[in-house]
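Step one of this worksheet: look at the structure below.
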Amino acid sequence: MTVQEYAVKLSGNISKIIKGKDDKIDLVIMALLCGGHVLLDDVPGTGKTVLAKALAKSVDAGFSRIQFTPDLLPSDITGIHFFNMKEQEFVFRPGPIFTNILLADEINRATPRTQSALLQCMEEKQATIDSEFFFIDKPFIVLATQNPVETAGTYPLPEAQLDRFMIKLSIGYSDRRSEMEILDNSRAVHPVESLTAVTDKAELLEMMNRVENIKVNEAVRGYIADIGYASRHNSEIKLGLSTRGLIALKNMSQARAALRGREFVTPDDVKAVLPFVCAHRIICKSTVMRDPDSVKLDILDKMIKDIPVPTEQI
């Protein structure tokens with residue numbers, strides 16, 4: 001089975017529940033195949049949690065869900081050592097991070113102290129608990145949701161944490177035809193509960209390895225590096241792309257190429273995934289009262305047009 005066939009199988013299963021959003025499903029699958037974390041940012045009721053659960057149900061792997069609230073503690077995420085009276089010793093009780101797919105629901109409702117418990121886990125795939133290291137099995141993917149409205153009582157994610165998300169995307173409202181299908185499928189038992197797994201952890205790891213080996217020509221790597229340089233020397237951008245961001249851009253470009261049946265990355269792959277990989281990583285100098293994401297996307301669009309595109313044979 002090719003990566004393209006694998007993605008079609010996974011996407012087909014998820015689209016039984018998420019109607020009319022094939023492009024967004026493909027982006028989430030790309031991030032999954034890169035081992036990257038996904039931030040779903042949208043208004044309530046658009047299917048963020050349902051998409052995350054549908055993906056988790058489609059993969060026969062470990063799954064945990066954390067409902068983030070202001071009273072959530074770091075130990076509720078990582079786990080604790082508790083004293084076992086029977087054995088008269090301290091025993092480690094692992095938290096929900098010790099899984100393969102973690103749904104962090106309404107992540108911005110937890111305090112910064114609690115949010116910081118995810119920093120090491122997301123980047124290093126390990127956790128330090130009471131001065132002891134615990135490794136998390138691969139793959140480890142965080143699917144986080146947050147609402148851009150109802151911001152009272154929420155804590156915006158710091159740049160260090162935003163940078164750990166490979167992509168940020170909004171699902172958006174469905175069109176009329178898709179909503180008619182959703183209404184027809186609504187039952188007392190949620191349709192996502194009827195989903196069955198179409199792949200397992202071993203197959204997922206194999207596909208992730210294939211994506212990692214997709215060829216990235218020197219000219220394309222140079223193009224990605226030029227994008228990073230341009231973002232750091234743009235008069236409208238206060239904070240440009242990090243090296244981690246450029247690695248994420250390369251990885252997502254590899255995944256896009258694989259989903260289209262190619263063994264190499266083209267500049268078009270890079271440009272196609274750039275808005276989802278880069279917009280949440282930059283900070284603009286502008287204070288214009290507009291949608292910040294719209295401002296960032298406009299700046300990135302103008303910036304990418306001024307960067308020479310490699311034209312040699314890939």
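The values are calculated or read from the model by the stated rules, or taken from the named source; none is laboratory data. Since this is a predicted model, take the numbers as computed values, not measurements. Every residue, glycine among them, receives a Cβ derived from its backbone with ideal geometry; neighbour counts consider all protein chains shown. Note: areas computed on protein heavy atoms with side chains; ligands, DNA, RNA excluded. Shrake-Rupley method; radii C 1.70, N 1.55, O 1.52, S 1.80 Å.
Structure above, values below:
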{"item": "Gained length - residue 92 relative to residue 268, 0.36 nm times residue gap less alpha-carbon distance", "result": "58.5 nm"}
{"item": "Net length gained if the chain between residue 201 and residue 9 were fully extended (0.36 nm per residue, minus Cα distance)", "result": "67.6 nm"}
{"item": "Along each principal axis, Cα extent of the range 171-284, largest first, Å", "result": "54, 36, 22"}
{"item": "Max mean-square fluctuation residue, GNM over the chain, Cα-Cα springs under 10 Å, options 226, 268, 175", "result": "175"}
{"item": "Geometric extent, Cα atoms of the range 1-119 - Rg, Dmax (angstrom)", "result": "17.2, 56"}
{"item": "Among 213, 147, 100: highest mean-square fluctuation, GNM of the chain, C-alpha pairs under 10 Å", "result": "213"}
{"item": "Length gained when the stretch residue 177-residue 209 is fully extended (0.36 nm per residue, less Cα-Cα span)", "result": "7.8 nm"}
{"item": "Non-local Lys pairs in the range 114-259, i.e. 8 or more apart or on different chains, that have alpha carbons under 17 Å apart", "result": "5"}
{"item": "Ratio Rg/Rh [Cα only; Rh per Kirkwood] for the chain", "result": "0.98"}
{"item": "Hull volume in cubic angstrom per residue (convex hull over the Cα atoms of the range 79-207)", "result": "213"}
{"item": "Antiparallel bridges, percent of DSSP beta bridges restricted to the chain (to nearest 5)", "result": "40"}
{"item": "Cα convex hull of the range 134-218 - mean projected area over all directions, nm²", "result": "11.2"}
{"item": "Probe 1.4 Å - accessible area at residue 121, Å² to nearest ten", "result": "0"}
{"item": "Whole-percent carbon and sulfur share, accessible surface of the chain, 1.4 Å", "result": "52"}
{"item": "Accessible area of the range 15-171 divided out per residue, in Å², using a probe of 1.4 angstrom", "result": "42"}
{"item": "Cα-based helix-to-principal-axis angle, 176-185 vs the chain, degrees rounded to 10", "result": "20"}
{"item": "Residue with peak Gaussian network fluctuation, the chain [Cα springs, cutoff 10 Å], from 60, 26, 130", "result": "130"}
{"item": "Inter-label distance, nm, simple model (7 Å from Cα along the C-beta direction), residue 283/residue 116", "result": "1.7"}
